[in-house]
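Visitor: Once you've had a glance at the structure underneath, I'll fire off some questions.
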Amino acid sequence: MRAMWYIILREVRTRVRKKSFWILTVLGPVLMLGMLIMPMYVSLQPKKKTPVVLEVPKVEAYHTPSPDERFTLQVVDSVITMPAGVVYIQSNPENRQFTVMDQVGLNKQELWYLEHYIQQWYWKTLVLKEKRPETVQPVFQVIPLAPVADSYSLQYMLGIYGAVLIYFFIIFYGVQVMRGVMEEKSGRIAEVLLSGVEPFHWMMGKIIGIGVVCIFQFVLWGGFYGWVGYQFQLRYGQAMQLFSSESIESTLQWTPDVQQALEWHMLSEALGSFSITAYVGSFIVFFLLGYLLYAAMFAALGAMTDQETETQQFTFPMTSPMFVVFLFSGSLLANSGTWIVSVLSYLPFTAPVAMIMRLPMGVSGWEWAGAFLSLVFSFLGITYVAAKIFKRSILHYGGTMKWKDLW
């Protein structure tokens, strides 16, 4: 055991002293923030214009609504039959009543934009033009007449974002284990090491050592994100309260930028719907278990071959189960009760990515525990098999071993 700790310390010291470690430590948070913010920004942009028919008695008496990039608005004074495929709004401005008959299937975000677009028109018409401040806030009644369209919520994007990160980190650090084994094997360092340490202890020393480096990097990133969050709270904490569900209606009455206020409200509501701390903790747990599982396989693969080019034909098939999860991301995020979701959540080779993808959308405690136990027992079994392969193949030189030579 003492020899294994020496190997762990050697791995940590060697890798922490490399320039590449510190370059990734500095650039990593910036790149990850970019990966999260850019999809959020793109999702908030309008995909296409929605046709809206607004029925207002005596149209000529009211202010014409300004153009909007999200809606194609037609204002009429009467409608004989409801047009198909549009959002039809029957209004009574004098009584502040607006009945929205949605035949398009607007999601919650789009309905917010539409309601407050009409509110801006109402405000300009009756408050500014007729000086009637008591009529600022109209009353909307929404009647859905079509299925709600899919929307990319913050939870959806956070699930995809976490899954991509855990997939990348498992492969990135697992490949480092494989390369470390191959370098020491091809450099004949393995023969010296094996004179004082058991093959299993050597394998576990490399896996744990690189895992410690990874955790140290996560701690540095966590410190950076914590500092950013603290600065954000100091600067915008009180302002965010204005956009909470309790105060958003009164805020929208005086804010000059309704669109920005709605975006802040959606962000505030989404962040309050789940625990960031629990998500980060689960991310670390499933990453560590997934890393240990795949690192053991990468270590055995590195011991089986002498050249990195030979490992490329095995790397993708070995990590493809995690990639398959992204092909079923729609089911994972929308249909939590289907059989494919259960299989991907409990299968140890897919559980790290599948569970991280599902967590922001809501996962029961027994599902979390089931995936956790599946990974723990699978790691123990894979490590036992990988240790046997590692022990048999570590001193083999001259090409890839055959399967019959491993046992």
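Rule-based calculations on the coordinates, nothing more; no lab input. Predicted model only: the values in this text are computed from it and were never measured. Positions of Cβ are backbone-derived with ideal geometry, glycine not excepted, and every protein chain shown enters the neighbour counts.
Visitor: Name the long-range amide H neighbours of V142: under 5 Å, sequence gap of 5 or more, or other chain; modelled H, no Pro or chain starts.
Guide: Excluding prolines and chain starts, which carry no amide H, the hits are V100.
Visitor: How much length is gained on full extension from K108 to S20, taking 0.36 nm per residue of separation minus their Cα-Cα distance? Walk me through the numbers before you get to the answer.
Guide: Details: separation 88, 0.36 × 88 = 31.68 nm, distance 4.45 nm.
Gain on extension, K108 to S20, equals 27.2 nm.
Visitor: Under 5 Å between amide H atoms, partner at least 5 residues away or on a different chain: which partners does N107 have, H built in plane at 1.01 Å?
Guide: Placed amide hydrogens put A149 under 5 Å from N107.
Visitor: Quick one: what are the phi-derived ³J(HN,Hα) couplings along the range 208-225, Karplus 6.51/-1.76/1.60 with θ = phi - 60°, whole Hz, x for glycine and proline?
Guide: 5, x, 5, x, 5, 4, 4, 5, 4, 5, 4, 5, 5, 5, x, x, 5, 5
Visitor: Among 348-360, 376-388, how do they line up by average Cβ neighbours within 10 Å per residue, starting with the highest? Don't jump to the answer; show the numbers that get you there.
Guide: Values: 348-360: 26.1, 376-388: 16.3.
Result, highest mean Cβ count within 10 Å first: 348-360, 376-388.
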